[in-house]
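The structure appears right after this line, and notes come after that.
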Amino acid sequence: MAVSDTVARAGGVRVGRVLRARLADATPAELRVVAIYRRSNGLGDIVLPHELAVEHAAAPLDSAVFISGRGAGWARGLRAIVGAVPTAVVHSRTAYLADVKALGQQQAQAQWAIAALMILIAAMAALNTGALAAADRRRELVLARLCGATRGQVIRAWTLDSFLTTVAGIAMGAIVVLVSLAVAGSDPAGGAIAIPWGQAGLVLGGGLVLGLVGALLPAAVIGRAPLTALAGARE
């Protein structure tokens, strides 16, 4: 077997060491490490001999086989394989990469759908929190209006307060993420972790907007109420 350097470092594994493991069908086996490789993105962390992996796999079929060649004999061989294996499909390099790209786009769309649901939940939470905060401080807003503050002054004061609170919350969340990334370290496959700063900025900006909107809408309702209604307001 061959293992990635990530597994080797974590388990203190060296070439020549015999490891006890269980194969895909739970069969116990003793495997000797014959190689350690660095880049594991395309291979995974453990590589077994093909015959051994197929023998114990739940579905002993290769997902893809990469070949190269030319000539009439080569083409006849491919047609024979397609005729013998019902699920076999022959693709050119361009077509295969297009399929891989399409699969990646489908996965990205699913992830964006999940992100959209999370944003919706965050928006509902922001509005709910803002409404609770405005209701809790309703007396302060009413008192400011009754003392002569204009609607604009009340809204501006509440905006500044909400802005500082929202920025503090976003800053604490960003610190938690940065600490998590620092603890995680670099990419196990080698190199630094890629951070999409543009998308990160979009998330932070969206959080700021949600926080402000959630806080300002309830306050705007109170601030626009007539003074006669505010005068009779109770906690």
- request: Quick one: in the stretch 18-27, of everything that is loosely packed, with under 13 Cβ neighbours inside 10 Å and either in contact (Cβ under 8 Å) with a residue 60 or more places away in the chain or over 13 Å from residue 52 (Cβ atoms) (or both), which residue is farthest from the chain's Cα centre (by Cα)?
  value: 18
query: In the stretch 48-64, how many are of a type in the set (Gly, Ala, Ser) and surrounded by 10 or more Cβ atoms within 10 Å (Cβ to Cβ)?
result: 2
statement: Picked from the stretch 140-162 (must be of a type in the set (Gly, Ala, Ser) and more than 37 Å from the chain's Cα centre (by Cα)), the residue nearest to residue 215 (Cα to Cα) is 152
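Readers should treat all values here as calculations from the given coordinates under stated rules, not as data from a laboratory. These numbers come from a predicted model, not from an experiment. FYI the Cβ positions are ideal-geometry reconstructions off the backbone, even for glycines, and counts take in every protein chain you see.
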